[in-house]
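No lab work stands behind these numbers, since they all come straight from the coordinates. Source: prediction; values computed, not measured. Glycine also receives a Cβ, built like all others from the backbone with ideal geometry; neighbour counts cover every protein chain displayed.
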Amino acid sequence: MTVAIIPKSYSNVIYLQSSFCFQEPSLPNYILERPFAKVALNFPWKTVFASCEQEFLEARYAFYKKEPEKEEAEGLFDLPVELDRPMKRISTKGRKGTNFYALLKAFLLAPLLYVEVMVESVYQQVVSNPAYATVCNFEKIPSLKTFERFDQIMTESGLWEKVRILTVQNNFDQGILESESTIAVDTSHIEAEATLHATRKCCDQPINL
């Protein structure tokens, strides 16, 4: 079984553990030793998520075809304006925009920095942490609106759920996770706070024992 590279303290982010050989980027060693950098540089992003990238481009094309005025103000990815049907393959035509994988990494690696996976929190982390922006492969920092639109399209097209399924499946394939014959689910309601100082959500339904 392949040994995971994520320290035990980060074991809750199991679906992004990597088992591949490290690359040799021009970054200080203290950055390369950080969990987010190890995963960013060594997880097989393009191998695992190639289908998601294509589906995103198709969903984005459909989105801006309905609302072309937004495309004029927001450059995310290449948009082949001559197409009248969903894309069958990634186009090299159109305006060059922010890399799909850079944005994907920014959202998925945020938990390794104890950053809440919300659009503004992820954006602020990219803006304020040059090392994070570098390992995510941002050539330049996009606007907050770019992050918002990326998240919106990923959510509306169901791609976030597909990303989670593919990452877990990859970890099974690499031997990082082992299948279990039994699954236990606890459906009892627990009062909890999603974030520090947030309003606590209480169960408003009676519990029949």
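If r is the Cβ-Cβ distance from Glu67 to Val185 and R0 is 41 Å, what FRET efficiency results, to the nearest 0.05? Provide the component values of the computation, followed by the final result.
Details: r = 40 Å, r/R0 = 0.98.
Approximately 0.55, to the nearest 0.05.
Past 19 Å, Cα to Cα: identify those pairs from Lys46/Lys105; Lys105/Lys140; Lys38/Lys162; Lys66/Lys140; Lys105/Lys145; Lys46/Lys162, in the order given.
Beyond 19 Å: Lys38/Lys162; Lys66/Lys140.
Along the principal axes of its C-alpha atoms, what lengths does segment 109-156 span, in descending order and rounded to whole Å?
So the three principal-axis extents are 30, 23, 14 Å.
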